[in-house]
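S.K.: I have a structure here, written as structure tokens, and I will follow up with some questions on it.
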Amino acid sequence: MNFKSKKLVILILLAAVVGFIIYDSTSQPNVGDLKGNFKEVAIYRNENNTGPIVRIYAVSVEGQVWEEMQKYGDLMPYTKYGRTTVYFFDASKAAPSKLAATEPHFDGAFNANCVAVYERDQNGGVTFKKSLSDSTRH
């Protein structure tokens, strides 16, 4: 192999690697790919940047797409030793527009409209709870 053909092979390999990186980074799953027409209606994030970061989301969803809700929660930002909580509300009913740092994170009037809760704790453990029949838990 002469110098020109080696250079061409290296250039083709480099272009293939760059092409794969671009394809892989743009084809990652995102919230828009999920069924259920998810819409964030309220977000809370504590201002503590030196300790555990707490993220709380209130999200409206159309239908009871439980697996999609779990996937939505998995796609939400999470910080090691932090906590991420996502409350899912029936889109045809009222949902809170404001969340608080401490429990209860929203007004109890919305409890009946909360259909599920996704939580990722400080150790990365995930809990997903359907809450249609349990209006005391939100």
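S.K.: For the subset of region 69-94 comprising residues that are within 14 Å of the chain's Cα centre (by Cα) and in a strand (DSSP E or B), which member is surrounded by the fewest Cβ atoms within 10 Å (Cβ to Cβ)?
M.R.: Per the criteria, the residue is Arg83.
S.K.: Assess whether Val65 counts as being touching a strand residue (DSSP E or B) at 6+ places or on another chain (Cβ under 9 Å), of a type in the set (Val, Ile, Thr) and within 23 Å of Val126 (Cβ to Cβ).
M.R.: So Val65 does not fit the description; no.
S.K.: Six or more apart or on different chains, Cβ under 6 Å: which pairs go from a residue in region 107-118 that's in the same structural domain as Ala58 (by TED's automatic domain parsing) to one that's surrounded by 21 or more Cβ atoms within 10 Å (Cβ to Cβ) and among the β-branched types (Val, Ile, Thr)? Could you list them?
M.R.: Every condition considered, the pairs that remain are Tyr118/Val86.
S.K.: Going through region 34-68 one residue at a time, which ones are in contact with a Gly (Cβ under 8 Å, 6 or more places away or on another chain), buried (at least 18 other Cβ atoms within 10 Å of the Cβ) and assigned to a loop (DSSP other than H, G, I, E, B)?
M.R.: Gly36, Ile53, Val65 - these are the residues of region 34-68 that are in contact with a Gly (Cβ under 8 Å, 6 or more places away or on another chain), buried (at least 18 other Cβ atoms within 10 Å of the Cβ) and assigned to a loop (DSSP other than H, G, I, E, B).
S.K.: Also: For region 95-119, what are the residues that are under 20 Å from the mean Cα position of the chain (by Cα) and among the hydrophobic types (A, V, I, L, M, F, W, C)?
M.R.: Ala95, Leu99, Ala100, Ala101, Phe106, Cys114, Val115, Ala116, Val117, listed by residue number.
S.K.: A further question follows. Any chance region 97-110 includes a residue that's aromatic (Phe, Trp, Tyr) and assigned to a helix (DSSP H, G or I)?
M.R.: There is at least one residue in region 97-110 that is aromatic (Phe, Trp, Tyr) and assigned to a helix (DSSP H, G or I).
The values are calculated or read from the model by the stated rules, or taken from the named source; none is laboratory data. Given the structure is predicted, the values throughout are model-derived calculations rather than measurements. So basically every Cβ, Gly included, is an ideal-geometry build from the backbone, and we count neighbours across all protein chains shown.
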